[in-house]
1. Quote the charge dipole size of the chain about the Cα centre in Debye, to the nearest 20; the model charges only the Cβ of Lys and Arg (+1) and of Asp and Glu (-1).
2. Restricting to DSSP H runs of at least four residues, report the calculated mean residue ellipticity at 222 nm for the chain, -39500 (n - 2.57) per run over all residues, nearest 500 deg cm²/dmol.
3. Name the long-range amide H neighbours of Phe7: under 5 Å, sequence gap of 5 or more, or other chain; modelled H, no Pro or chain starts.
4. When log10 I(q)/I(0) by the Debye sum over Cα atoms at q = 0.12, 0.14, 0.26 Å⁻¹ is calculated directly from the model, which label among [x] -0.33, -0.45, -1.51; [y] -0.49, -0.59, -1.15; [z] -0.30, -0.41, -1.43 fits?
5. Give the calculated FRET efficiency between Lys35 and Lys3 to the nearest 0.05, with a Förster radius of 25 Å applied to their Cβ-Cβ distance.
6. What are the ³J(HN,Hα) values, in whole Hz, obtained from phi via the Karplus relation 6.51 cos²θ - 1.76 cosθ + 1.60 with θ = phi - 60°, for each residue of segment 56-66 in sequence order, with x given for Gly and Pro?
7. Using amide H atoms built 1.01 Å from N in the peptide plane, name the residues 5+ places from Phe54, or on other chains, whose amide H lies under 5 Å from its own.
8. Pull up all non-local amide H partners of Asp72: gap of 5 or more, or a different chain, and H-to-H distance under 5 Å with H placed in the peptide plane.
Amino acid sequence: MIKILLFAGLADAAGVREIEIDLIKPSMTVESVKKLLKKQYSSTAFIDELDKSFASINQEYVDQNTAVSDHDEVAFIPPVSGG
């Protein structure tokens, strides 16, 4: 099982801030997790936010090809701006 955390507009578009899913196969990557989320939350707003988001595993930024292991915490963080 992995825990997925969603932040800012991404959480708003999904209507949830935290999701738990079973690891489907041992070779899952961040990109695989994103594909699963896009199937589950297919709204344009969610997909747009997810495509722009940075990913982290266990509180360290990673790229899309990083492997996800059982019990990992995967977070998707959309870019933020402000002034």
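All of the numbers you see were taken from the coordinates with simple rules; none came from a lab. Since this is a predicted model, take the numbers as computed values, not measurements. Note that each Cβ is placed from the backbone with ideal geometry, even for glycine, and that neighbours are counted across all protein chains shown.
1. The dipole of the chain has a size of about 240 debye.
2. Roughly -9000 deg cm²/dmol at 222 nm, from the helical runs in the chain.
3. Under 5 Å from the amide H of Phe7: Phe76.
4. [z]
5. 0.90
6. 9, 10, 6, 6, 10, 4, 9, 9, 5, 9, 6
7. Ile77
8. Those lying under 5 Å, H to H, from Asp72 are Lys3.
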